[in-house]
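S.K.: Submitted below is the structure of interest, expressed as structure tokens.
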Amino acid sequence: MDLYKLLGIKRKATKKEIKNAYRSAAQKYHPDKETGDTEKYHAISQAYETLSDPEKREHYDDTGSTEDKPKSTAEMRLAEIFNYLISKELFDGNIIDQCLVQSEKIIQQINGQILNHVQHTTRLEKQLGRIKAKDNIYENVLEDQIRSISNALSQCQKEIDINQEVKKLLREYTDTAINEPKPMFVIRGSQMEVGTSSSWYSDN
């Protein structure tokens, strides 16, 4: 069912128009009213819940689905970093800064793997160049290993891209910290406290 048609509004409706349409429809179809319709009332409430939320509305406009937007790989990786730091109790203070540090460490480790892969490939290619007879087992094994390393290099690059996206997500938090405070966990010792993003810059 088209959520816009359900509320009787256009797709370019403003937030205020969506709210007014919902109130009008909710009053009309409320179960306690003579014109009440429980099923339609719930459908209208769900439509409002989706269209009144900018992210949910964008997801609905793009996909036509009211299902929750799936988390990106970067978001899932960021959750893994949060879990890792919390389980190991490896930080004390600003969780965003610590996640940025952890993500950068991962990128450095991957770059080290890339360097090893490149050096290994160079050695294998030199060995391959020394082979005079073609179509022998040694040649085939070398070529298989080179292909395997090439695949590993591609995977390493994907991992770097993911972690760069993680850093971007974290910076978006800090970029909006002053103007748009929002709930955030801050770790102090072994205690987790709920603060706002504007408290990330606090030295207390």
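Here, each number is a calculation from the coordinates, and none is a lab measurement. These numbers come from a predicted model, not from an experiment. Counting neighbours? That spans all protein chains shown, and the Cβs are built from the backbone with ideal geometry, glycine included.
S.K.: Rounded to the nearest 0.05, what FRET efficiency is calculated for L153 and K132 with R0 set to 30 Å and r the Cβ-Cβ distance? Don't jump to the answer; show the numbers that get you there.
M.R.: Numbers: r = 28 Å, r/R0 = 0.94.
For R0 = 30 Å, the calculated efficiency reads 0.60.
S.K.: Between A26 and F82, what FRET efficiency follows from the Cβ-Cβ distance if R0 is 41 Å, with the result rounded to 0.05? Mind showing how you got there, number by number?
M.R.: Details: r = 38 Å, r/R0 = 0.93.
With a Förster radius of 41 Å, E is 0.60.
S.K.: Also, I was wondering about something else. Extension gain D37-K5, at 0.36 nm per residue separation less the Cα-Cα distance, in nm? Could the numbers behind the result be given before it?
M.R.: Working: separation 32, 0.36 × 32 = 11.52 nm, distance 1.69 nm.
Gain on stretching D37 to K5: 9.8 nm.
S.K.: Ok, one more. Remind me, relative contact order of segment 1-86 in percent, using alpha carbon pairs under 8 angstrom and six or more residues apart? Kindly include the intermediate steps, with their values, before the conclusion.
M.R.: Values: 60 pairs, mean separation 17.3, N = 86.
Worked out over segment 1-86, it gives 20 percent.
S.K.: Another question, then. Just list whichever of K33/K56; K12/K168; K5/K40 have alpha carbons separated by over 18 Å in the model shown. Spell out each step's value before the answer.
M.R.: Values: K33/K56 30 Å; K12/K168 30 Å; K5/K40 13 Å.
Pairs exceeding the cut-off: K33/K56; K12/K168.
S.K.: While we're on this one: Give, in nm to one decimal, the length gained when the segment between Q145 and E104 is fully stretched (0.36 nm per residue of separation minus the Cα-Cα distance). If you can, show how the numbers build up before the last one.
M.R.: Values: separation 41, 0.36 × 41 = 14.76 nm, distance 2.92 nm.
Difference between extended and current length: 11.8 nm.
S.K.: If you don't mind, there's one more thing I want to ask. Using square roots of five times the C-alpha gyration tensor eigenvalues, list the equivalent-ellipsoid semi-axes of segment 3-63 in whole Å, biggest first.
M.R.: Values: eigenvalues 93, 26, 14 Å².
Values for segment 3-63, descending: 22, 11, 8 Å.
S.K.: Tell me, what HN-Hα J-couplings in whole Hz come from the Karplus equation 6.51 cos²θ - 1.76 cosθ + 1.60 at θ = phi - 60° for each residue of segment 13-26, using x for Gly and Pro?
M.R.: Residue by residue, segment 13-26 yields 4, 7, 4, 5, 5, 5, 5, 5, 5, 5, 4, 5, 5, 5 Hz.
S.K.: Fewest Cβ neighbours within 10 Å first, please rank E34, E58 accordingly. Kindly include the intermediate steps, with their values, before the conclusion.
M.R.: Numbers: E34 4, E58 11.
Lowest to highest Cβ neighbour count: E34, E58.
S.K.: Next question. Just flag the trypsin sites (Lys or Arg not before Pro) in segment 6-76 sitting in loop per DSSP whose Cβ has no more than 12 other Cβ atoms within 10 Å.
M.R.: Working: sites: K10, R11, K12, K15, K16, K19, R23, K28, K33, K40, K56, R57, K71; in loops: K10, R11, K12, K33, K71.
Sites meeting the loop and neighbour criteria: K10, R11, K12, K33, K71.
S.K.: Please order S24, S103 by the number of other Cβ within 10 Å, starting at the fewest. Mind showing how you got there, number by number?
M.R.: Details: S24 13, S103 22.
Final ranking by Cβ density, sparse to dense: S24, S103.
S.K.: What's the FRET efficiency of Q46 with L169 using the Cβ-Cβ distance as r and R₀ = 25 Å, to the nearest 0.05?
M.R.: On the way: r = 29 Å, r/R0 = 1.14.
Result of the calculation: an efficiency of 0.30.
S.K.: Order of L85, L142 from fewest to most other C-beta atoms within 10 Å? Mind showing how you got there, number by number?
M.R.: On the way: L85 17, L142 20.
By the 10 Å Cβ count, ascending: L85, L142.
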